[in-house]
Amino acid sequence: MTDSTNDDNVENNEEPQVEGDATNAAEPEDLIEAEGPDVEVSTDAANDLSPEDEALLADAARGMAEDKLSTADRDLVAEMRADMLRAQAELVNFRKRVERDREANREVAIAEVVRALLPALDDLTRAEAHGDLADGPMLVIAQKIRGGFGKFKLEQIGEKGEAFDPNIHEAIVQLPTPGATGQTVADVVEPGYKLGERVLRAAKVAVAVPA
């Protein structure tokens, strides 16, 4: 009996075991605050942004990135940006110049072809003046030829009675005319032609001048 009692006392007098040493407990300043969980941002908010807001955000992000650059890096970025803008301007000007030259070359080529065919148009004009194009197949041919030239904006110039213009008229003779107050076209010897704003051939005319 005595032994069992002593055993119970020994068991009761034993202090409970504590895992770890109390002296090793972390001090408050040694505690590290745990990072919170990552927060997922919904893409719906970004999709709701207007183009103006997106541009502002892009400018802000670019500004923040540039703020982190050194002075030398900022100068380099500014120089590269200026070079890029200059290259873009040169490319635009080059494209415009190529398109302008292409159109000019096209007009020159058309003008050369039409100028080579002007004698044929002169023959049609003479035939029409003699009444040879009143009817028949030649009338149809003349209409088709003139219609084809009309698609290229070929225009006949030089009409009797209009004021003399040295830019489109070539005076081959002057006729002193009583009562004339200025120089006018008295007769058209050979009509001229103009392609758009380009004069292919000046009209040869007789000019009435004051007597």
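Things worth noting here:
- Residue count for region 190-211 under the criterion of being more than 48 Å from the chain's Cα centre (by Cα) and either surrounded by fewer than 18 Cβ atoms within 10 Å (Cβ to Cβ) or not β-branched (V, I, T) (or both): the result is 5.
- Where a residue in region 117-136 is outside any loop (DSSP other than H, G, I, E, B) and its partner, wherever it lies, is open to solvent by 40 Å² or more (accessible area, probe 1.4 Å), with Cβ under 8 Å and at least six apart: L118/R201; A120/I145; L121/I145; L121/R146; L124/I145; L124/R146; A127/M138
- Counted residues, region 172-208 - those being closer than 29 Å to E107 by Cα, acidic (D, E) and in a strand (DSSP E or B): 1
- Selection status of E128, among the acidic types (D, E), more than 14 Å from L195 (Cα to Cα) and open to solvent by less than 70 Å² (accessible area, probe 1.4 Å): no
- Taking each residue of region 49-67 that is modelled with pLDDT under 70 and looking for partners that are open to solvent by less than 80 Å² (accessible area, probe 1.4 Å) with beta-carbon atoms closer than 9 Å, six or more apart or interchain, yields E66/D73; E66/V77.
- Hits in region 145-171 (condition: in a helix (DSSP H, G or I) and exposed (fewer than 10 other Cβ atoms within 10 Å of the Cβ)): G147
The values are calculated or read from the model by the stated rules, or taken from the named source; none is laboratory data. The structure displayed is predicted, hence computed values, not measured ones. Heads up, the Cβs are rebuilt from the backbone with ideal geometry, glycines too, and the neighbour counts pull from every protein chain shown. Accessible surface areas use protein heavy atoms only, side chains included; no ligands, DNA or RNA. Shrake-Rupley method; radii C 1.70, N 1.55, O 1.52, S 1.80 Å.
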